[in-house]
Every structure is written in C-alpha cells, then in structure tokens.
Amino acid sequence: MREPLPAPWPRRSMPGMTSLLRQTLLQPMNLPAVLTWLAVALSLRFNEDKGSPVLWTAMVVFAICFLAHDAFKARHARWRALLFALETAGALTVCLFASRGGAAPALLVILVAQLAMVYPPRVLIALAIAINLALYLILLKAGSPAPVVITIIFAGFQSFSALIAHYARSAEQARDRLALVNADLLATRALLADSARDAERLRMARELHDVAGHKLTAMMLNLRMLAAEDDFAQRREVLLAQQLAGELLGDIRGVVQALRDTRGLDLATALRALAAPIPKPTLQLEIADDVQITDPALAETLLRVVQEALTNSARHAEAERVTVRIDRDATAMHLRIEDDGRVRGALCEGNGLSGLRERIAEAGGRAGIEVGPRGGLRIDATFPLAARTSPA
C-alpha cells in the first residue's frame, strides 16, 4: 500500500486550569451563562437570606451541574437527565430563597437555553411549561406582588434564549453534516483519482506494446534479413543497429511491465479522509502489506462498510476508537471492524447494519455481525479474491 503522509507534531497540552477555561467557561454559549450566574450571585446580597447555606449550596449545585455537561462530556441520556434535574432543583431553590431579589429567575433562562441544545422542541416546550409553573407557584407562595407578570417576563427571556440555542444547534448539526459529506466526497475522489491513474497507465502500456513494440519487432526482422546478405553481413553498422534494436525492444517490454504492475487503489488515504471529520470514535487502521485492491467496486464497498460502522459506533455505542483490519489469505480478503463501546442488551440490527450486510452480499462477500468479547460491536466480512486483489 502507499505510505500515508506523516502525522503532524502533536500539540502540547495546556495546563489544566487553562484547558478548563477554554473548553467550558469561554465557549460562546457558556460565557453569557457564567456572567448571568455571577450577576445573580451579586444580586443576592440584597436578599434577606443572603447568608443562607441552602441558598448558596443551590447556587453552587447549579454551577457545577451546568459546567459538568461540558467538562465531563455527559453523553449518556440518564446522566444528562440527572444533571438537568439537579440543575433545575438548584435554580428553583434559589428562586424560593431569593423570591424578592428579582434576578434569581434568570438562572431558569440559562437552564432553558441548555435544554434547547439537547432536546427536541416538543420536549423543550413541555419542560419549559413545567419550570415556569413551578416558578409561578414559588412567587405566589412568597407573596410576590405580580407573580403572573414576572413569570411571563422571564418566560419571554427563556423563549429568546431557547430560540438562539435552537438555531445554534441547527447550525452545528448542518456544519457536521456538511463536514461528513465533504469527507465522503474527498474519499470518493481519492479512489476515483487512483482508478483513473491506473486506467491511464494501462492504456499507455497497451499503446507501447501494440505500436512501438510491433514496429521494433518488424525492424529487427528486417535487420536480421539484411545481416544475412553477403554484402552487409560483416558491416559493423548493421550489427550495431541490430543490437540497439534488440536492447530497445527489451527496454520497452520492461516499461510496459512496470506500467502494468499497479500498486492498487489507495484505500488507506480514502478511509482516513472519511473518518477525519468525526471527533469520536477515532479510526485505527491496519492494512496488511500484501493487500492490494485493484477493483474500484470492491474499494467502494469497503469504504461504505467502514463509513456505516463509524456512524453506528458514534450514534449508539459511545465508542472512543474503532479498529479496522484488512488482510488476506490465499483465497479471500478479510475485513474486521471492532469498536471499544458497549452493546447494551441484545444486538438488534437496524436499517444501518441491515444495509451494511446487504452491501457486503452484493459484492459477493459474507458478513458476520456480533458482540465482541469486550462488549463492543464486531463486524467480520470475507470477500473472495478472484481478480479483484493482487499480492504485493
């Protein structure tokens, strides 16, 4: 296989505190929330219970849960729901103990914006109604002079923040989809470029063999006949021309053979380009030195199978790494894909895995999909070699 380009030098890791600021506090959506939290904290000095331990405990719980979504990458739905529940309880507790301060419900604005980044509109609306109903009851119990007006005002702020968060989330999803499509195009272009180069080399080899080789062979036959004549048998020029024609024919045959000896399609570069825009899982690619794929259809099948496996691992397995191994024996080429995620419950093949199995079958291969010994998803595919791969 072609040697991959050398990887760039790894970046030096930043100190822990600086990394935390960069990854959480200084994010575009997080910085306004942090400033809002600080404003609410400053406003509590005007509250009658400004020294209440419960009040400040609730403030700290809210801040920790807010930052935990980014700092700990809470991707599992249950942990994420637990963080939101604690965050909601903290915000409502602050509103309860600081019901006359006026700024405490601003924490709910932060909360609703966070919910809009995670949940679909239907779920968000239901949660926002429940949160604002709880706020209204808290204000009513505290004897606020206008609980309905205050609730509506902060509900308007929440709607505005949720709308901004929704559009930000939509923009991120569109960017991610565009990156995946671009990676797909780059990977396909790499295979097409390799296929076009191989086709051009084969055409040039045929032209040299059919045209130049034919004419040189005719020239050698004529020189041999000329050398057989008594008048030219001992002429040095004729012997030299015959020798040079024979050497040139041998050189052309060598060039033709070199042009026909393809190194195969550069599948490694195409696969790495396909996996580049996906932050997790990362692709660990292992292709045996004796594997050379010359069939574009087989290369396309391998590309799509790995693409589906990466997508499946990213969506369902919460995997950190996907290992792809391609090797061969005397009769078949073997593809193994395995991630380090965890398959929960019985393995159920959805549309993605079913389509993957069908694609392998269309290419004449056999597929096995199962849970690996470490609990991750493992895909084994075998393709008969025929004329589609060649040894190194």
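Figures for the structure shown
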item: Cα→Cβ-extended label distance, 7 Å offset, between Gln284 and Ala227, nm; result: 6.3 nm
item: Point-to-point label distance, Thr217-Ala276, nm (Cα→Cβ direction, 7 Å offset); result: 4.6 nm
item: Solvent-accessible ranking of Ser159, Ser52, largest area first, probe 1.4 Å; result: Ser159, Ser52
item: Ala361-Arg175 FRET efficiency (beta carbon distance; Förster radius 35 Å; 0.05 resolution); result: 0.50
item: Gap separating the Cα centres of the stretch 294-309 and the stretch 360-385, nearest whole Å; result: 13 Å
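The values are calculated or read from the model by the stated rules, or taken from the named source; none is laboratory data. Since the model is a prediction, treat every value here as computed from it, not as a measurement. We place every Cβ from the backbone using ideal geometry, glycine too, and count neighbours over all the protein chains shown. Only protein heavy atoms, including side chains, enter the accessible area calculation; ligands, DNA and RNA are left aside. Shrake-Rupley method; radii C 1.70, N 1.55, O 1.52, S 1.80 Å.
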